[in-house]
Amino acid sequence: MRRLINVVASGRVDFGALVTHQYSLDDIVAAYDLFAHQRDGVLKVAIKPFHWGR
């Protein structure tokens, strides 16, 4: 586990590439449904708790 933490912390691996979909907190039900049913090539869903730039 320590090795994994070190790899993530080092930035050597782009884990952002695993995020295939992004949803706002308002759309969390749709995001969960997508992930639960493994549709549209989903790997990982990121939930944005607020709108960026506001």
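Could you tell me how many of the residues in segment 41-54 are within 28 Å of Leu4 (Cα to Cα) and either among the charged types (D, E, K, R) or not in a strand (DSSP E or B) (or both)?
Adding up the residues that qualify gives 6.
When the residues of segment 1-49 are filtered to those that are acidic (Asp, Glu) and in contact with a strand residue (DSSP E or B) (Cβ under 9 Å, 6 or more places away or on another chain), which remaining residue is surrounded by the most Cβ atoms within 10 Å (Cβ to Cβ)?
Filtering first and then ranking leaves Asp27.
Would you check which residues across segment 1-39 are of a type in the set (Gly, Ala, Ser) and either touching a Gly at 6+ places or on another chain (Cβ under 9 Å) or touching a residue at least 12 places away in the same chain (Cβ under 8 Å) (or both) and list them?
Selection gives Ser24, Ala31.
Answer with yes or no whether Asp26 is within 15 Å of the chain's Cα centre (by Cα), charged (D, E, K, R) and not in a strand (DSSP E or B).
No; evaluated as a whole, the condition is false for this residue.
Of the numbered conditions (1) under 14 Å from the mean Cα position of the chain (by Cα); (2) in a loop (DSSP other than H, G, I, E, B); (3) modelled with pLDDT under 95, Val13 fails exactly one; give the number of that condition.
(1)
The values are calculated or read from the model by the stated rules, or taken from the named source; none is laboratory data. All of these numbers come straight from a predicted model, not from anything done at the bench. Cβ coordinates were reconstructed from backbone atoms using ideal geometry, including for glycine residues, and neighbour counts include every protein chain displayed.
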